[in-house]
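Engineer: Submitted below is the structure of interest, expressed as structure tokens.
The values are calculated or read from the model by the stated rules, or taken from the named source; none is laboratory data. If you're wondering where the values come from, they're calculated on a predicted model, not measured in any experiment. Here the Cβ is made from the backbone with ideal geometry for all residues, glycine too, and neighbour counts use every protein chain on show.
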Amino acid sequence: MGSIQITPSILNADFAALGAEVGRIGSADWVHVDVMDNHFVPNLTFGPTMVEALSKATDVPLDAHLMIEAPDQHAPAYVEAGCASVTFHVEAAKAPVRLARELRAKGARASMALKPATPIEPYEDLLPELDMVLLMTVEPGFGGQRFLDLVLPKIRRARALMDKHGVETWLQVDGGISLDTIERCAEAGADVFVAGSAVYSADDPDAMVAALRARAESAVSS
């Protein structure tokens, strides 16, 4: 496992003042940008132009989560827009290995996301091609959903496969992550945590980032 990283999602931030909102989470490791196209998921957020503007407004690296159709075609544009990590959904990708290699060749970390019901085992051989695997702990498409405990065994299985192959792949979880749920995910083997409503509904978002980090680190060290 790598060191614990907290990646607040701006899905729950004030879209009218995103630059200022990102400024409220200065100690975050990454800023998680949820890109939705109203096809792969029933919601619409923003595209490369908005992401590019955001990348110029912050020094915190951007982690784009593409909940979109045809990521093979569209994902590289997010590297060009300034994202340091780009996540595509394996359920939507036609050629995930080729796409991961293309993202890496452009200088970004390549990440693959799985919906809650998608098993990790068929993708074991892809792990060396990936810098990160994202396991959704809610159904993708909306913020503020309740954490699905049924994903915890999959987190354990994914971590076991990573250990088996000796890869440096990060294991990210996204959905319903809060002070109440982050310990379970860390114990199961996740090391990168997306938190949206937990961070931006807090009076002090950056203090919540620190609290989440401490809670996860204590779960791993105990």
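Engineer: Could you check region 114-144 and list, in sequence order, the residues that are in contact (Cβ under 8 Å) with a residue 60 or more places away in the chain and under 25 Å from residue 160 (Cβ atoms)?
Structural biologist: 132, 134, 140
Engineer: Within region 33-51, identify whether any single residue is charged (D, E, K, R) and in a helix (DSSP H, G or I), and answer yes or no.
Structural biologist: For region 33-51, residues charged (D, E, K, R) and in a helix (DSSP H, G or I): absent.
Engineer: Of all residues in region 174-185, how many are touching a strand residue (DSSP E or B) at 6+ places or on another chain (Cβ under 8 Å) and either over 15 Å from residue 85 (Cβ atoms) or in a loop (DSSP other than H, G, I, E, B) (or both)?
Structural biologist: 5
Engineer: Looking at region 27-34, is at least one residue crowded, with 19+ Cβ neighbours inside 10 Å, acidic (Asp, Glu) and touching a Leu at 6+ places or on another chain (Cβ under 7 Å)?
Structural biologist: Looking for residues that are crowded, with 19+ Cβ neighbours inside 10 Å, acidic (Asp, Glu) and touching a Leu at 6+ places or on another chain (Cβ under 7 Å), one finds at least one in region 27-34, hence yes.
Engineer: On the basis of being at pLDDT 95 or above and in a loop (DSSP other than H, G, I, E, B), does residue 140 make the cut?
Structural biologist: Answer is no for this residue.
Engineer: Can I ask one more? Working only within region 151-173, note down all residues that are β-branched (Val, Ile, Thr) and either assigned to a helix (DSSP H, G or I) or farther than 28 Å from residue 20 by Cα (or both).
Structural biologist: 151, 155, 167, 169
Engineer: Name the pairs whose Cβ atoms lie under 7 Å apart, with the first residue in region 12-28 and hydroxyl-bearing (Ser, Thr, Tyr), the second surrounded by 12 or more Cβ atoms within 10 Å (Cβ to Cβ), and 6 or more positions between them or separate chains?
Structural biologist: If the second residue must be surrounded by 12 or more Cβ atoms within 10 Å (Cβ to Cβ), the pairs left are 27/206; 27/209; 27/210.
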